[in-house]
Structure formats: C-alpha cells, structure tokens
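First the structure, in the form of structure tokens, and then the observations on it.
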Amino acid sequence: MSEQSYVRTEMLSEQPAPLGQTGMLKWMRENLFSSIMNSIMTVVSFAVIILVLMQLIPWMMQPSWVSGSLRQCLDDPNIDGACWGVIRDRFNQLMYGFYPHAEQWRPNLAVVLMLVAVAPVLFDKLPRKMVWFSAIYPFLGAWLLWGGSAWTPILVVAGFAIGYIAFKMLHNMVGNMAMIGAVLAAVIWWLYGIGSVSAWLHSMLPIGIEAVPSSQFGGFMLSMTIGISGIALSLPIGIVLALGRQSDMFIIKTLSVGYIELIRGVPLITLLFVASVLLNFFMPPGTNFDLILRVIIMVTLFAAAYMAEVIRGGLAALPVGQYEAADALGLDYWKSMRLIIMPQALKISIPGIVGSFIGLFKDTTLVSVIGLLDPVGLIRTIQGSAEWNGLVWELFLFVSLLFWLFCFSMSRYSMYLERKLQTSH
Amino acid sequence: MSQVEQKEVDRSGMEVSDETAIEIINMNKWYGDFHVLKDINMVVNRGERIVVCGPSGSGKSTLIRCINRLEEHQKGDIIVDGTELSSDLKNIDKIRSEVGMVFQHFNLFPHLSILENCTLAPIWVRKTPKKEAEEIAMHFLEKVKIPEQALKYPGQLSGGQQQRVAIARSLCMKPRIMLFDEPTSALDPEMIAEVLDTMVQLAEEGMTMIVVTHEMGFARKVANRVVFMDQGQIVEQNSPEQFFDNPQSERTQLFLSQILGH
Ligand SMILES: Nc1ncnc2c1ncn2[C@@H]1O[C@H](COP(=O)(O)OP(=O)(O)OP(=O)(O)O)[C@@H](O)[C@H]1O
Ligand SMILES: [Mg+2]
C-alpha cells in the first residue's frame with residue numbers, strides 16, 4: 001500500500017467571509033427578504049414611506065422662516081407649502097406663555113436645577129448626598145417659577161417641621177393616631193399661617209424676586225410644571241394606594257379600592273372642571289388657592305389611581321415566597337416592603353409606570369379646556385390672531401415634536417433602566 | 001439518600017440538652033372549614049434534630065410554618081424559646097429573628113447580590129454595622145462553601161448553590177432554631193448531596209433543627225427523632241432506628257413501604 005496522503009504544512013490565513021455573508025447585504029437578506037411574503041412587505045412598505053416623504057419633504061422645505069404673517073407666505077412666489085415663520089414669531093409664547101421676558105431666566109434655571117435634582121434619582125452612580133438637593137428642589141423650583149418673598153418656600157418647608165413636632169407631642173398621648181394631628185397641624189399652617197407670617201417676615205427683611213401670577217404661565221413651561229409635578233407626586237401616592245389595596249385592614253383596603261375605582265371611572269376633564277370651578281367652594285373663605293396648584297392636585301390624584309393599579313400588577317407578579325422569606329427573617333411590614341417587595345414590584349412595573357407618566361404628560365394638554373394656555377391652548381390663540389389666521393399644520397407639528405421629544409426620552413430612559421436592573425444573568 | 005449514607009456522621013458532638021426549645025401544646029389549625037392540624041403536641045429540646053415526614057397534604061409544612069407564624073394557629077399554644085406566640089407583633093418579630101427558615105424554593109431575593117441577601121436582615125433587624133454584617137456573611141458563605149459567589153446574583157447560581165446561600169442567609173441571623181421545609185425536593189439529584197452535607201454539618205454543630213424531608217438516609221443518620229404525620233395528626237414519633245425498622249402504626253408501615261418499597 002502506498003502512502004498517499006498530503007498534509008498541508010501551513011495554516012491558511014483567515015479570509016473575509018464571502019460577500020453576501022457579512023454586513024449590509026447579509027442583514028438585508030435575513031431581515032428584509034427572508035421569504036417571499038417578507039420581500040413583498042418590504043417593497044410595499046418602502047414604497048409607502050417614499051411616497052409620504054416625497055409629499056412631506058418638499059412641503060416642509062420652504063424658505064418661510066422669516067415670514068411675518070400667513071399673508072406674506074401666501075404672497076411669496078418662492079413659498080409653496082409650510083409657513084414656518086409662525087414658529088419663529090411665536091416661539092417665546094409657545095415656550096413661556098405670557099411669562100415676563102425679563103424673568104424668563106427663572107424657568108430656564110428651574111429646568112437646569114431640575115436636571116441636577118433628578119440626576120441622583122435616575123442614576124445611582126452619583127453621590128448619595130445629592131439627594132438632599134433633590135429634596136429641597138420642589139420648593140426652590142416653585143419659588144423660582146412663581147417668585148415672591150423668599151420667606152414663603154422656607155415657611156412651607158417649616159410646615160413639615162411643625163407637623164413633626166405635633167407628631168412628637170401627640171405621640172405620647174394617642175400613639176399612632178398622632179399622625180392625623182400632625183397632618184392637620186401642617187395643613188392649617190399652610191392654609192392660614194403662612195400668608196400672614198410670610199408678609200410679616202417680609203416687611204422685616206424683604207428678600208425675594210418679582211412675583212409672577214399663575215395667569216401669566218403658559219406654553220410648554222406650563223405643561224412641564226404640571227406634568228413633572230404630577231409625575232413626581234403620583235408615584236409615591238400610587239405606591240401607598242397599591243399597598244393600601246393589598247392591606248389586611250378593612251378600612252384602609254376599602255378606602256383605597258373606593259378611591260381607585262372612583263377616580264378611574266371619571267374622565268380627567270371632569271376633574272379639571274372641578275378644579276377650576278368647584279374646589280374653591282370647599283376651601284375656607286378668604287384663601288385664594290392658585291388655579292395651577294389646583295390643577296396639579298387633580299392631575300396627580302387622577303394619575304395616582306392609575307399608578308396604583310400598575311404597581312398592584314407588579315406586586316401581584318411577585319411570588320409569595322418573597323413575602324414569606326422577608327417575614328421569616330424578621331423584617332417588619334415597612335422594611336420588607338421597602339427593601340424586598342417594592343424594589344422588585346417597581347422593577348416589574350417600569351413599562352407600565354413610564355406608560356402612565358407619558359399618558360399624564362400628554363393629558364396636561366387638556367388644561368386648555370379650562371382656559372389655561374398650554375401649547376395646545378396657545379395654538380388656538382395664535383390661530384385667532386390677525387397674522388396667523390387660517391394656519392393649521394405647522395403649529396400642531398411643532399407642538400407634537402416638543403411632546404414627542406419629551407415622551408421619547410422617558411421611554412428610552414425606562415429601557416435603559418430595565419436593562420440595568422436585569423440581574424438574572 | 002445514598003450520598004449521605006456513604007459518609008460516617010459523627011454524632012458524638014450532637015448532645016441534646018434537656019432545655020426546651022419549642023413546646024407545642026394542643027395546637028389546632030383550620031383553613032376555613034378544613035381542619036389541617038389536629039391536637040398537635042410536641043416538645044423539641046435544644047440541640048435536637050427532628051425529621052418530619054408524611055404523605056403530601058398531611059400538614060407538615062403548615063406545622064413548621066406555625067412555629068414562626070407564617071401561618072396562624074387558632075387553638076392551643078406554641079412556645080418558642082420561652083416566648084409564647086400570640087398576636088403580639090413584638091413577640092412574633094422576636095421569634096422570627098431567633099428562628100431561621102429554609103424553603104423548598106430557596107426564596108432568595110433576586111434583586112440583591114448573594115452578599116446583600118445575607119447582610120440585609122442582620123443590618124436592618126439586628127442593627128449590625130454593615131462591615132461587621134459582611135464579615136459574618138462571608139464567614140457563613142465560606143461555611144456553605146461558596147464564598148467566591150458573594151458578588152453574583154441569585155439568578156446566576158445553580159439550585160444547589162442557591163439553597164446553600166439560603167441556609168447561609170438564615171445562619172447570618174445567628175438563629176437558635178432552624179426550620180427546613182423540603183429543602184432538597186426542588187433540586188436535581190446531583191445537587192441534593194451538597195445541600196444535605198451542609199445540613200449534616202449544621203447538625204454536628206448542635207443546631208436545633210426541624211426538617212421536613214423525604215430523604216430517609218438523612219433522617220437515619222442525623223435525626224434524634226422522626227415524626228410521622230398523616231391527615232393533620234402526629235401518628236407516630238420515634239427514634240430513627242425504631243421508626244424505620246419497627247414502625248408501630250399501619251399507616252406508617254404503608255407510608256414507609258411506599259417511599260422505600262420499590
Ligand atoms: N392557604 C391554604 N388555604 C387552604 N388550604 C390550604 C392552604 N395551605 C395548605 N392547605 C391545605 O392544607 C393541607 C396541608 O397542607 P401542607 O402544605 O401543610 O401539606 P404538606 O404536608 O406540607 O404537603 P406537601 O408534602 O405536599 O408539601 C393540604 O390539604 C392543603 O391543601
Ligand atoms: Mg409542604
């Protein structure tokens with residue numbers, strides 16, 4: 001037998017994969033043209049997209065930025081489509097409503113500080129001490145927006161101290177019922193005490209910035225004010241309601257279920273009307289309760305009911321073993337909720353929670369119904385003006401883009417968060 | 001069970017003192033109309049290791065869950081470590097921090113690392129400083145032979161490893177009594193041995209243990225007493241030798257022939 005074998009003595013150098021196995025081509029073949037059906041859908045979809053863009057892009061690409069009125073656009077032979085001048089002309093109004101020009105640095109600063117305040121909440125790598133700033137931001141931010149005496153926000157914060165002192169004093173006498181007394185004391189202070197004390201302190205030591213009344217708020221700034229306050233407040237209230245709904249205590253459970261079902265069964269617009277008209281009847285006479293504040297409360301109460309149901313879904317998805325393990329280790333109710341149950345339930349509910357946030361933010365446009373000038377309300381005002389009468393698409397497109405940017409960032413953040421909290425592998 | 005039998009267990013150190021750890025007197029429990037536990041009487045001495053067995057649905061889990069108040073009994077008394085279980089929340093928390101429990105499905109906290117799983121209760125319940133709690137946790141993780149997994153998350157561990165972490169997590173609270181509810185029945189056969197080994201080691205150190213299990217090899221080697229339950233009653237309790245070689249009641253004989261029979 002003759003030995004007839006041939007063995008290559010060197011390794012072949014690596015060669016690039018044949019064309020069509022890599023990059024674009026491979027991707028396209030796998031994702032767009034993997035089957036006949038898929039290929040047909042790809043071709044049809046592309047055709048539709050191209051058709052739409054062929055209409056839309058020429059309409060949008062118009063040298064109309066400088067136009068001062070719709071008339072000017074129509075008369076200009078070079079312009080045959082969108083009249084963007086309205087955005088330039090009314091940009092300030094769409095952003096700030098009728099907020100005084102000289103004071104507009106305040107909402108700007110409030111937004112920047114807000115980013116600083118939410119940063120440690122959103123990203124856990126930042127130093128924990130920053131949370132202190134997050135805690136005082138609500139008062140600082142509100143003061144920047146509405147202005148007035150610097151004493152007011154300080155006295156509002158003092159309300160918490162008053163509540164705490166009341167709790168401490170009553171605790172020895174009536175135990176946990178002291179909570180009710182504490183809340184009562186704080187609310188009475190906020191409603192009756194602050195006004196006169198603040199005025200008195202201000203007369204002694206006047207520090208403050210120019211007050212801007214709520215009636216001058218408007219535009220995207222108003223949407224942000226209502227939306228972000230609503231978001232920040234509805235989450236904790238929603239958590240408490242969700243826990244209340246699960247409670248063993250009959251009264252607490254009934255109240256939570258009743259509240260959630262009542263609010264969810266009522267349209268938000270109704271609640272906004274209640275805020276604009278009715279709420280003042282329930283207030284003690286003489287107190288002037290700010291309209292925007294009333295709207296924020298209503299939007300929050302509304303969103304909290306939905307939030308509670310979303311979080312309840314997360315709670316229900318947790319295996320009972322988690323509750324039992326926490327109990328068996330000797331953790332009390334609040335600790336097991338805080339350390340074991342809520343972190344997991346909230347994580348499960350992130351998509352739903354962010355969905356509620358986005359819904360809430362977009363629902364702020366409903367305030368135009370009760371006469372507040374949010375961007376949508378302003379569109380109507382602008383369309384009613386002599387210069388821009390008859391204009392339709394440009395403003396809605398712009399406002400939609402603003403909202404979309406905001407909601408899309410929230411959506412992206414939630415996806416980042418879900419990935420980060422993924423601990424199974 | 002064969003895995004355990006191969007090892008000679010050193011029982012010399014397993015002295016049972018005559019101090020009472022758990023006393024259950026005429027205890028009854030109902031789920032609605034269903035009478036799950038009927039007149040249970042049982043005394044567990046300190047250092048004693050008790051294996052509870054019986055057919056499915058006989059109330060074994062319910063019995064040991066009553067001991068740390070995961071379930072509430074309706075009649076009779078349970079006295080753990082001298083403290084009577086009543087609806088007083090203070091007593092319940094006290095007992096729970098003295099009694100460790102290991103579950104069939106581990107019930108580790110998936111959002112926390114292994115180390116955090118072990119330090120959480122010492123830090124929040126015992127108020128142990130974080131650093132010290134971590135040292136204790138590492139000590140017990142070494143004991144169950146997985147210190148190198150400390151920074152991983154439960155989802156990254158095998159079932160056997162997770163169950164050993166669960167044991168370490170309980171031990172970090174320095175409990176005086178440990179309860180096990182079928183700790184190996186959710187595990188693949190090759191992982192059962194590692195968990196049983198850990199439990200044998202614990203027994204050798206004199207821990208008071210009540211173990212619900214069908215691992216009869218473990219019962220034979222480690223238990224002082226085997227308790228057989230059926231339909232919510234303790235039918236028979238005896239030393240393992242007597243229990244396996246000379247079962248008294250018919251129901252016990254039937255049960256043993258079923259699980260050892262084939
Ligand atoms: N929450 C509950 N509500 C109503 N009945 C229950 C409940 N938990 C358990 N039971 C019933 O009580 C009886 C005893 O249950 P238990 O879990 O104690 O049995 P077990 O001996 O541990 O069984 P297994 O070996 O299957 O774990 C069973 O018949 C079960 O169906
Ligand atoms: Mg069971």
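Note that region B:74-85 has calculated 3J(HN,Hα) couplings of 9, 9, x, 10, 10, 10, 10, 6, x, 9, 7, 6 Hz, one per residue in order, obtained from phi through the Karplus relation 6.51 cos²θ - 1.76 cosθ + 1.60 (θ = phi - 60°); glycine and proline are x. Distance between the pseudo-spin-label points of B:Leu254 and A:Leu278 (7 Å out from Cα toward the beta carbon): 6.6 nm. Here region A:57-199 is treated with +1 on each Lys and Arg Cβ and -1 on each Asp and Glu Cβ, and its dipole about the Cα centre works out to around 640 debye.
For the protein assembly as shown, what is the percent of antiparallel DSSP beta bridges, rounded to the nearest 5?
DSSP beta bridges in the protein assembly as shown are roughly 55 percent antiparallel.
Site pair A:Ala119 and B:Lys131 shows an inter-label distance of 3.0 nm when each label is modelled 7 Å from Cα along Cα→Cβ.
Most simply put, chain B has about 55% antiparallel DSSP beta bridges, counting only bridges with both residues inside it. For chain B, a Gaussian network of Cα nodes joined below 10 Å ranks B:His139, B:His214, B:His73 by mean-square fluctuation, and the top entry is B:His139. Summing Cβ point charges (Lys, Arg +1; Asp, Glu -1) relative to the Cα centre of chain A gives a dipole of roughly 740 debye. The order of B:Phe244, B:Phe103, going from fewest to most other C-beta atoms within 10 Å of their C-beta, is B:Phe244, B:Phe103. Highest GNM mean-square fluctuation among A:Trp146, A:Trp105, A:Trp27, for chain A modelled with Cα contacts below 10 Å: A:Trp27. Helix-only arithmetic for the protein assembly as shown: the sum of -39500 (n - 2.57) across DSSP H runs with n ≥ 4, divided by the residue total, places the mean residue ellipticity at 222 nm at -18000 deg cm²/dmol. Taking A:Glu103, A:Glu210, A:Glu30 as the candidate residues, the one with maximal mean-square fluctuation in a Gaussian network model of chain A, Cα springs under 10 Å, is A:Glu30. Of interest is the spacing of the C-alpha centroids, which for region B:190-226 and region B:126-146 amounts to 23 Å. By the count of other C-beta atoms within 10 Å, a proxy for reagent exposure, B:Val51, A:Val174 are ordered fewest to most as A:Val174, B:Val51. Spread over its residues, the convex hull of the C-alpha atoms of chain A is 307 Å³ per residue. Here the Karplus relation 6.51 cos²θ - 1.76 cosθ + 1.60, evaluated at θ = phi - 60°, turns the backbone of region A:59-64 into coupling constants of 5, 7, 7, 10, x, 10 Hz, with x for every Gly and Pro.
Sorted from greatest to least, the principal axis extents spanned by the alpha carbons of region B:164-257 come out as 41, 29, 24 Å.
Distance from the Cα centroid of region A:213-279 to that of region A:398-414 is 22 Å (rounded to whole angstrom).
Sort B:Asp93, A:Asp290, B:Asp181, A:Asp374 so that the residue with the fewest other Cβ atoms within 10 Å of its own Cβ comes first and the one with the most comes last.
With the fewest neighbours first, B:Asp93, A:Asp290, B:Asp181, A:Asp374 line up as A:Asp290, B:Asp93, B:Asp181, A:Asp374.
In this structure the amide hydrogen of A:Tyr99, modeled in the peptide plane, comes within under 5 Å of the amide hydrogens of A:Gly218, none closer than 5 places in sequence on its chain. In chain B, the ratio of gyration radius to Kirkwood radius, Rg to Rh, stands at 0.96 when only Cα atoms are counted. Across the options A:Ile297, A:Asn176, A:Ala82, the greatest Cα extent toward the positive end of the charge dipole of chain A (unit charges at beta carbon of Lys, Arg, Asp, Glu) belongs to A:Asn176.
Note on the protein assembly as shown: dipole from Cβ charges, positive end direction compared against A:Phe160, B:Ala223, A:Tyr416; the farthest Cα belongs to A:Phe160. Would you kindly give the portion of the calculated P(r) for region A:148-209 that falls above 20 Å, as a percent of all Cα pairs? That fraction is 35 percent. Note on B:Lys29: lysines with a C-alpha under 24 Å away, same-chain residues under 8 apart excluded, are B:Lys38, B:Lys60, B:Lys75, B:Lys90, B:Lys94.
Here the alpha carbons of region B:214-262 define both size measures, Rg and Dmax, at 10.1, 27 Å.
Under 5 Å from the amide H of B:Arg49 lie the amide H atoms of B:Met209, B:Asn224, B:Arg225, each residue being 5 or more positions distant or on a separate chain, with H modelled from the backbone and absent for Pro and chain starts. Karplus-based coupling profile of region A:408-413, in residue order and whole Hz: 5, 5, 4, 4, 4, 4, with θ = phi - 60° in 6.51 cos²θ - 1.76 cosθ + 1.60 and x standing for Gly or Pro.
For A:Lys253, the aspartates and glutamates whose Cα comes closer than 18 Å to its Cα, not counting residues fewer than 8 places off in the same chain, are A:Glu261, A:Glu309. Straight-distance candidates among the lysines for linking to B:Lys131, with alpha-carbon spacing under 23 Å and chain neighbours fewer than 8 residues away dropped: A:Lys125, A:Lys129, A:Lys335, B:Lys143, B:Lys145, B:Lys152, B:Lys174.
Under a Cβ-only charge scheme (Lys and Arg +1, Asp and Glu -1), can you give me the dipole magnitude of region B:75-145 about the Cα centre, in debye to the nearest 20? Don't skip to the answer; put the middle values down first.
Details: 10 positive and 11 negative charges, 26 e Å.
So the magnitude is around 120 debye.
Have a look at B:Ser158, A:Trp189, B:Ser58 and report the one farthest towards the positive end of the charge dipole of the protein assembly as shown, computed about the Cα centre with Cβ charges (Lys/Arg +1, Asp/Glu -1). Of the listed residues, the answer is A:Trp189. A cut-off of 5 Å between modelled amide H atoms, ignoring neighbours fewer than 5 places along the same chain, links B:Ala21 with B:Val44, B:Asn45, B:Arg46.
None of the figures in this text is laboratory data; all of them are computed from the coordinates on show. What you are looking at is a predicted structure, and each value in this text was computed from that prediction instead of being measured. Here Cβ is always computed from backbone atoms with ideal geometry, including for glycine, and neighbour counts include all displayed protein chains.
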